[in-house]
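K.L.:
Sharing a structure below in structure tokens format, with a few things to ask.
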Amino acid sequence: KVTFEGHQVLRILPKDEAQLSLIKNLEEMIEFQVDIWMGVTDVSNPVDVRVPFQSLQFVKIYLEAQNIDYTIMIEDLQVVLDEEQEEMEAAAR
Amino acid sequence: LAQPRNTDSFDFSRYHTISEIYSFQDMLVAENPNLVSKIVIGSSYEGRPLNVLKFSTGGTNRPAIWIDTGIHSREWVTQASGTWFAKKIVTDYGRDPALTAILNKMDIFLEIVTNPDGFAYTHSSNRMWRKTRKPNPGSSCAGVDPNRNWDSGFGGPGASSNPCSETYRGPRAHSESEVKSIVDFVKSHGNFKAFISIHSYSQMLLYPFGYTKTPAKDQAELHNLAQRAITDLASLYGTRYRYGSIINTIYQASGGTIDWTYEQGIKYSYTFELRDTGRYGFILPANQIIPTAQETWLALMAIMNHTYNNPY
């Protein structure tokens with residue numbers, strides 16, 4: 001089973017078109033294996049990206065260097081998934 | 001584990017496995033033989049049945065409405081909402097005048113687990129899986145994005161040719177049996193008047209096109225109906241939706257489901273992106289399943305009512 005310890009979901013808040021294309025570039029950097037949860041649309045809408053633990057530092061440096069605002073929507077994805085699984089099993093019982 | 005003995009004791013407020021949903025479907029059919037039947041329109045790559053529930057009060061090849069959920073397997077709130085919709089239809093028929101009128105003249109087809117291999121995989125191996133599960137020759141990455149595999153702008157910008165991408169379009173249009181089965185069914189039926197494909201998340205109601213900026217010829221009507229539908233949706237819990245054509249509201253996406261259905265002449269073609277309400281994304285807590293399904297139902301009823309009142 002694939003697990004997601006340390007994966008974070010970042011909610012990125014693009015300020016302008018230039019930042020939108022920088023975020024698009026991030027999507028294309030497949031070596032960092034970012035998983036687009038909610039893709040780039042327009043400036044007023046957030047972009048949600050799941051970032052594997054091993055890419056987190058780079059991605060955050062990339063965003064901060066470009067002065068792109070973001071918040072951490074999910075601190076540790078595996079924790080949330082474990083809760084979801086436990087809830088399913090408890091409810092089934 | 002305790003299995004519900006009937007659909008009244010089925011727990012709609014939690015997420016279920018594929019076998020639990022399939023047995024729910026069989027129970028619903030058994031409990032409502034004069035209203036619900038199950039049609040298997042094909043099978044997935046791994047051989048799972050593609051079950052479609054047909055809600056019909058008679059007639060032959062009546063004008064019909066299609067609703068599907070779960071084409072992207074990780075969007076669990078959609079399969080859960082589809083299960084709730086199925087029960088809602090049998091509960092409200094004969095009670096709700098609007099739904100009763102619709103079902104006295106039209107059929108409703110509901111495919112709850114539209115990507116069963118992917119859905120089973122999210123339970124067994126990878127909760128984040130979105131695509132189908134067919135291996136891609138020459139690549140270590142499996143799966144095709146079933147919402148990029150339709151023969152509508154297929155292969156254009158807005159889909160990837162890389163099998164490892166989440167938006168991989170597949171080797172050719174309709175290469176995925178999960179897609180081809182719907183294509184064949186819709187074509188053989190030939191009398192669908194509305195087609196609604198349900199995704200999550202980002203709270204949007206979208207209509208064609210995604211692959212081209214050319215407006216749909218019915219754009220004005222589709223836009224107005226979308227506005228009414230999201231207003232009805234918001235009336236319950238205040239969930240705010242955006243609406244518009246796919247390409248103008250989110251991004252360019254080629255090979256999409258409702259672009260194909262619209263080009264088949266099914267005017268009322270819509271895609272929903274259900275809630276997140278702020279911070280859960282695809283891991284929407286189970287306690288939001290029923291509120292999500294309830295609010296979405298109001299929008300679905302707006303679209304189904306309009307379809308019923310505007311035959312074409």
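K.L.:
If you go through region B:193-211 one residue at a time, do you hit one that is in contact (Cβ under 8 Å) with a residue 40 or more places away in the chain and surrounded by fewer than 20 Cβ atoms within 10 Å (Cβ to Cβ)?
P.N.:
no
K.L.:
So, in region A:26-38, of the ones that are buried (at least 17 other Cβ atoms within 10 Å of the Cβ) and charged (D, E, K, R), which residue ends up farthest from the other protein chains (Cβ to nearest Cβ)?
P.N.:
In this case the residue turns out to be A:GLU27.
K.L.:
So, one more: Taking the options A:ILE23, A:ILE30, name whichever one is among the hydrophobic types (A, V, I, L, M, F, W, C), modelled with pLDDT under 95 and closer than 20 Å to B:TYR201 by Cβ.
P.N.:
After applying the criteria, what remains is A:ILE23.
K.L.:
I would also like to ask the following. Any residue in region B:255-275 that's farther than 24 Å from B:ALA293 by Cα: show its pairings with residues that are among the basic types (Lys, Arg) at Cβ separation under 6 Å, as long as the two are six or more apart or on different chains.
P.N.:
Here the result reads B:GLY255/B:ARG148; B:GLY255/B:ARG169, each pair linking region B:255-275 to a residue that is among the basic types (Lys, Arg).
K.L.:
OK, next. Regarding B:SER245, is this residue within 14 Å of another protein chain (Cβ to nearest Cβ) and under 24 Å from B:ASN310 (Cβ atoms)?
P.N.:
yes
K.L.:
Which residues, taken from region B:265-312, are among the aliphatic types (A, V, I, L, M) and outside any helix (DSSP H, G or I)?
P.N.:
B:ILE266, B:LEU274, B:ILE283, B:LEU284
K.L.:
Hey, could you check region B:118-160 for residues that are over 22 Å from B:GLY256 (Cα atoms) and away from chain A (no Cβ under 14 Å) and say which is farthest from the chain's Cα centre (by Cα)?
P.N.:
B:GLY138
Residues checked against (1) within 23 Å of B:PRO285 (Cα to Cα); (2) charged (D, E, K, R); (3) more than 14 Å from chain A (Cβ to nearest Cβ):
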| position | (1), (2), (3) |
| --- | --- |
| B:ASN6 | no, no, yes |
| B:ARG14 | yes, yes, no |
| B:MET27 | no, no, yes |
| B:ALA30 | no, no, yes |
| B:VAL52 | no, no, yes |
| B:GLY58 | no, no, yes |
| B:LYS88 | yes, yes, yes |
| B:LYS105 | no, yes, yes |
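K.L.:
Going by what's in this entry, would B:ILE266 be described as closer than 21 Å to B:PHE154 by Cβ, within 14 Å of another protein chain (Cβ to nearest Cβ) and of a type in the set (Val, Ile, Thr)?
P.N.:
The answer is no for B:ILE266.
K.L.:
Scan region B:1-29 for residues that are hydroxyl-bearing (Ser, Thr, Tyr) and part of a helix (DSSP H, G or I) and jot them down.
P.N.:
Once the filter is applied, which keeps residues that are hydroxyl-bearing (Ser, Thr, Tyr) and part of a helix (DSSP H, G or I), region B:1-29 yields B:THR7, B:SER9, B:SER19, B:TYR22, B:SER23.
K.L.:
Any residue in region B:93-100 that is more than 14 Å from chain A (Cβ to nearest Cβ), of a type in the set (A, V, I, L, M) and within 16 Å of the chain's Cα centre (by Cα)?
P.N.:
Checked region B:93-100: no residue is more than 14 Å from chain A (Cβ to nearest Cβ), of a type in the set (A, V, I, L, M) and within 16 Å of the chain's Cα centre (by Cα).
K.L.:
Tell me which strands (runs of 3 or more DSSP E) are completely within region B:30-96 and hold 3 or more residues being of a type in the set (Asp, Glu), or say none if there are none.
P.N.:
Answer list for region B:30-96: none.
K.L.:
Do we find a residue being within 14 Å of the chain's Cα centre (by Cα), among the acidic types (Asp, Glu) and surrounded by fewer than 16 Cβ atoms within 10 Å (Cβ to Cβ) anywhere in region A:66-77?
P.N.:
Yes, region A:66-77 contains at least one residue that is within 14 Å of the chain's Cα centre (by Cα), among the acidic types (Asp, Glu) and surrounded by fewer than 16 Cβ atoms within 10 Å (Cβ to Cβ).
Rundown of residues vs (1) surrounded by fewer than 17 Cβ atoms within 10 Å (Cβ to Cβ); (2) within 11 Å of chain B (Cβ to nearest Cβ); (3) without any contact (Cβ under 8 Å) to a residue 12 or more places away in the chain; (4) part of a loop (DSSP other than H, G, I, E, B), yes/no style:
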| site | (1), (2), (3), (4) |
| --- | --- |
| A:VAL9 | no, yes, no, no |
| A:LYS24 | yes, yes, no, no |
| A:TYR62 | no, no, no, no |
| A:VAL79 | yes, yes, yes, no |
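K.L.:
Let me ask another. Please go through (1) within 26 Å of B:SER165 (Cα to Cα); (2) over 15 Å from the mean Cα position of the chain (by Cα); (3) more than 9 Å from chain A (Cβ to nearest Cβ); (4) buried (at least 19 other Cβ atoms within 10 Å of the Cβ) for B:GLY281 and return the number of the only condition it doesn't satisfy.
P.N.:
Here B:GLY281 meets the rest and fails (3).
K.L.:
Follow-up. Does region B:123-151 hold any residues that are crowded, with 23+ Cβ neighbours inside 10 Å and of a type in the set (Ser, Thr, Tyr), and which are they?
P.N.:
Across region B:123-151, the qualifying residue is only B:THR132.
K.L.:
Could I ask something else about it? If you go through region A:39-53 one residue at a time, do you hit one that is at pLDDT 95 or above, part of a helix (DSSP H, G or I) and more than 10 Å from chain B (Cβ to nearest Cβ)?
P.N.:
Yes, some residue in region A:39-53 is at pLDDT 95 or above, part of a helix (DSSP H, G or I) and more than 10 Å from chain B (Cβ to nearest Cβ).
K.L.:
Considering only region B:228-240, I want to know if a residue exists there that is touching a residue at least 12 places away in the same chain (Cβ under 8 Å), in contact with a Phe, Trp or Tyr (Cβ under 8 Å, 6 or more places away or on another chain), within 14 Å of another protein chain (Cβ to nearest Cβ) and not in a helix (DSSP H, G or I).
P.N.:
Within region B:228-240 (the criterion being touching a residue at least 12 places away in the same chain (Cβ under 8 Å), in contact with a Phe, Trp or Tyr (Cβ under 8 Å, 6 or more places away or on another chain), within 14 Å of another protein chain (Cβ to nearest Cβ) and not in a helix (DSSP H, G or I)), the answer is no, since none of the residues qualifies.
The values are calculated or read from the model by the stated rules, or taken from the named source; none is laboratory data. None of the values given here were measured: they were computed from a predicted structure. When we count neighbours, we look across all protein chains shown, and the Cβ atoms used for this are built from the backbone with ideal geometry, even at glycine.
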